[in-house]
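Student: One structure follows; several queries about it will come next.
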């Protein structure tokens with residue numbers, strides 16, 4: 001069956017089946033009423049809808065063709081998808097007593113996700129967040145074979161990881177990678193993974209958007225990064241799908257299913273996949289060296305809107321990526337790029353302006369800041385020399401920049417909640433004397449400075465606030481200004497380790513009282529925690 005026929009089949013079936021399906025729904029509802037109220041049956045008997053078996057031959061052929069195509073995708077790719085089980089050690093604090101015993105026994109948390117066979121050498125690709133901080137990893141193939149896995153390499157910035165397993169050759173059936181740069185909105189999208197621990201589940205939808213950015217790792221210095229070129233799909237994706245595949249009609253992997261947006265922590269028709277183009281750059285490096293050197297410019301910025309352009313004396317139709325901050329000593333700093341030094345109030349909000357506006361990279365237009373990130377991700381490597389075209393004081397100039405390697409690590413300890421038994425939904429750092437001083441707090445003030453708040457998380461619903469104002473401390477850039485968590489149900493929180501322990505010991509639906517400092521004023525916030533799902 002040709003690819004073109006599959007597309008026609010999909011469109012035709014959705015169009016032709018709309019009325020019969022709606023009729024079936026109405027019929028089922030009326031049946032329920034009739035069972036409860038026989039008198040109503042005589043008063044209004046609905047006209048039965050045509051059953052699928054009664055479709056005209058050409059429509060039935062279309063339906064059969066679609067079913068055959070989907071079955072082929074599942075049969076051919078399904079055996080390449082694996083179930084990943086992880087065990088993590090939970091810290092309960094040294095010197096604690098447990099049921100009267102002076103020694104604390106080992107405690108563990110468990111999680112699961114998906115992965116897929118990369119090659120016949122036993123490499124398995126999954127999401128970094130699936131296996132992060134895992135003490136033990138096991139991989140289960142579709143025939144039930146379970147093997148131990150070791151971590152070959154990880155890249156938190158793209159949320160990708162590679163595992164190594166020893167398995168029979170018959171089990172190692174590599175996937176076929178596709179070209180995600182050719183994906184278009186409206187194309188068929190098929191997801192295969194293990195949602196809610198249900199092995200080898202296939203869901204079907206369409207590519208619903210392209211070019212999204214997905215928050216990735218936040219470094220220990222407070223700097224956050226995004227995964228660009230993310231594929232959005234309405235194919236149902238749920239906890240457990242992480243690390244699975246998103247396929248096109250040609251049975252090629254166009255993305256690695258990674259995240260969802262949902263107020264109920266289950267599929268709401270908005271799922272995201274790391275594009276195959278990113279996977280094809282990162283995974284070979286992880287296999288060869290254990291890590292990946294992301295290209296790095298050393299700037300933070302935003303999209304130039306008409307309001308910002310007008311405030312900077314530019315044409316209101318001017319678009320580009322406005323540089324807000326330049327990292328001291330980074331590639332952009334060495335190239336002479338300039339950040340924003342002035343502040344204006346727009347719609348009651350303070351906004352920084354005046355920096356260079358990037359309008360092109362290597363001759364390709366940059367209309368949004370994400371265009372810059374996407375180009376760097378698709379086409380560049382650390383060490384490459386690129387040319388940025390920028391507007392500076394209304395004049396267009398070319399600036400050569402030699403890309404560096406994205407830095408990791410820093411002065412502070414990051415709260416990841418990776419080993420936590422309950423979910424709060426923040427990323428935070430231990431408040432140091434330097435950060436406390438920068439926030440005009442007492443130098444000896446202890447606690448955890450909230451950096452980011454996950455959307456629709458318990459912290460978000462409770463009204464906790466993340467950090468927003470960049471400062472340079474000891475030559476490194478940090479975000480400050482957020483809430484500082486200083487106590488949990490009255491017990492002091494001195495640092496990130498205290499908060500992680502509190503989460504690990506909390507029940508998944510506990511109501512807790514957080515004592516916070518906001519703008520130097522202490523207040524209490526009630527938070528209802530949620531179960532952690534992967």
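The values are calculated or read from the model by the stated rules, or taken from the named source; none is laboratory data. The structure displayed is predicted, hence computed values, not measured ones. Cβ placement follows ideal geometry from the backbone for every residue including glycine, while neighbour counts extend to all protein chains displayed.
Student: Could you please find all residues in region 412-471 being at pLDDT 80 or above and on the phi > 0 side of the Ramachandran plot?
Tutor: Within region 412-471, 425, 440, 447, 463 meet the criteria.
Student: Assess whether residue 160 counts as being on the phi < 0 side of the Ramachandran plot, touching a helix residue (DSSP H, G or I) at 6+ places or on another chain (Cβ under 6 Å) and either surrounded by 13 or more Cβ atoms within 10 Å (Cβ to Cβ) or not assigned by TED's automatic domain parsing to the domain that holds residue 279 (or both).
Tutor: Yes: the conditions hold for residue 160.
Student: Could you say whether any residue in region 440-456 is assigned to a helix (DSSP H, G or I) and in contact with a strand residue (DSSP E or B) (Cβ under 8 Å, 6 or more places away or on another chain)? Steps first, answer last, please.
Tutor: First, pick out the residues of region 440-456 that are assigned to a helix (DSSP H, G or I): none.
Among the residues of region 440-456, not one is assigned to a helix (DSSP H, G or I) and in contact with a strand residue (DSSP E or B) (Cβ under 8 Å, 6 or more places away or on another chain), which makes the answer no.
Student: Looking at 352, 392 in this structure, which one is over 22 Å from residue 278 (Cβ atoms) and crowded, with 18+ Cβ neighbours inside 10 Å?
Tutor: Step by step, each of 352, 392 is checked, and only 352 is over 22 Å from residue 278 (Cβ atoms) and crowded, with 18+ Cβ neighbours inside 10 Å.
Student: When region 164-175 is examined, which residues are found to be within 19 Å of residue 288 (Cβ to Cβ) and touching a residue at least 60 places away in the same chain (Cβ under 8 Å)?
Tutor: Once the filter is applied, which keeps residues that are within 19 Å of residue 288 (Cβ to Cβ) and touching a residue at least 60 places away in the same chain (Cβ under 8 Å), region 164-175 yields only 174.
Student: If you don't mind, another one. Among the numbered criteria (1) modelled with pLDDT under 90; (2) crowded, with 16+ Cβ neighbours inside 10 Å; (3) outside any loop (DSSP other than H, G, I, E, B), which one does residue 39 miss?
Tutor: Result: residue 39 passes all but (2).
Student: I need the full set of residues from region 506-534 which are within 28 Å of residue 243 (Cα to Cα) and surrounded by 15 or more Cβ atoms within 10 Å (Cβ to Cβ), in order please. Talk me through it step by step, then tell me what you get.
Tutor: So in region 506-534, the residues within 28 Å of residue 243 (Cα to Cα) come out as 506-509, 529-534.
Selection gives 506, 529, 530, 532, 533, 534.
Student: Being at pLDDT 85 or above and exposed (fewer than 13 other Cβ atoms within 10 Å of the Cβ) is the requirement here; does residue 54 meet it?
Tutor: It is false that residue 54 is at pLDDT 85 or above and exposed (fewer than 13 other Cβ atoms within 10 Å of the Cβ).
Student: Return yes when residue 236 is at pLDDT below 95 and crowded, with 18+ Cβ neighbours inside 10 Å and no when it is not.
Tutor: Criteria met by residue 236.
Student: Is it the case that region 297-314 has a residue that's modelled with pLDDT under 95 and under 20 Å from residue 154 (Cβ atoms)?
Tutor: The answer is no, given that none of the residues of region 297-314 is modelled with pLDDT under 95 and under 20 Å from residue 154 (Cβ atoms).
Student: I need the full set of residues from region 288-318 which are in a helix (DSSP H, G or I) and either in the same structural domain as residue 125 (by TED's automatic domain parsing) or within 25 Å of the chain's Cα centre (by Cα) (or both), in order please.
Tutor: Result: 288, 289.
Student: What do you reckon, is residue 253 touching a residue at least 60 places away in the same chain (Cβ under 8 Å), out of contact with any helix residue (DSSP H, G or I) (no Cβ under 6 Å at 6 or more places or on another chain) and closer than 21 Å to residue 200 by Cβ?
Tutor: no
Student: Another question about this same structure. Got a sec? Which of 162, 190 is in contact with a strand residue (DSSP E or B) (Cβ under 7 Å, 6 or more places away or on another chain) and more than 20 Å from residue 110 (Cα to Cα)?
Tutor: Just one listed residue meets the conditions, 190.
Student: Looking at (1) at pLDDT below 95; (2) buried (at least 18 other Cβ atoms within 10 Å of the Cβ); (3) farther than 27 Å from residue 407 by Cβ, find the lone condition where residue 175 falls short.
Tutor: (1)
Student: Kindly provide the set of residues from region 277-291 that are under 18 Å from residue 211 (Cβ atoms) and out of contact with any strand residue (DSSP E or B) (no Cβ under 9 Å at 6 or more places or on another chain), ordered by number.
Tutor: 281 - this is the single residue of region 277-291 that is under 18 Å from residue 211 (Cβ atoms) and out of contact with any strand residue (DSSP E or B) (no Cβ under 9 Å at 6 or more places or on another chain).
Student: In region 143-150, is there at least one residue being at pLDDT 90 or above and buried (at least 16 other Cβ atoms within 10 Å of the Cβ)?
Tutor: yes
Student: Could you tell me which of the residues 477, 523 is at pLDDT below 90 and assigned to a strand (DSSP E or B)?
Tutor: 477
Student: For region 482-497, what are the residues that are over 14 Å from residue 512 (Cα atoms) and either at pLDDT 85 or above or in a strand (DSSP E or B) (or both)?
Tutor: Listed by number, the residues that qualify are 482, 483, 484, 494, 495.
Student: Determine which member of the set 363, 321 is within 25 Å of residue 182 (Cα to Cα) and surrounded by 23 or more Cβ atoms within 10 Å (Cβ to Cβ).
Tutor: 321
Student: Could you figure out which of (1) within 29 Å of residue 504 (Cβ to Cβ); (2) in a helix (DSSP H, G or I); (3) touching a helix residue (DSSP H, G or I) at 6+ places or on another chain (Cβ under 9 Å) isn't true of residue 112?
Tutor: (2) is the only condition that residue 112 fails.
Student: Then there's this: For residues in region 292-309 being within 14 Å of residue 358 (Cα to Cα) and in contact with a helix residue (DSSP H, G or I) (Cβ under 6 Å, 6 or more places away or on another chain), which is surrounded by the most Cβ atoms within 10 Å (Cβ to Cβ)?
Tutor: Step by step, filter region 292-309, then rank; the result is 297.
Student: Only one of (1) outside the structural domain of residue 126 (by TED's automatic domain parsing); (2) outside any strand (DSSP E or B) is not met by residue 350, so which one is it?
Tutor: (2)
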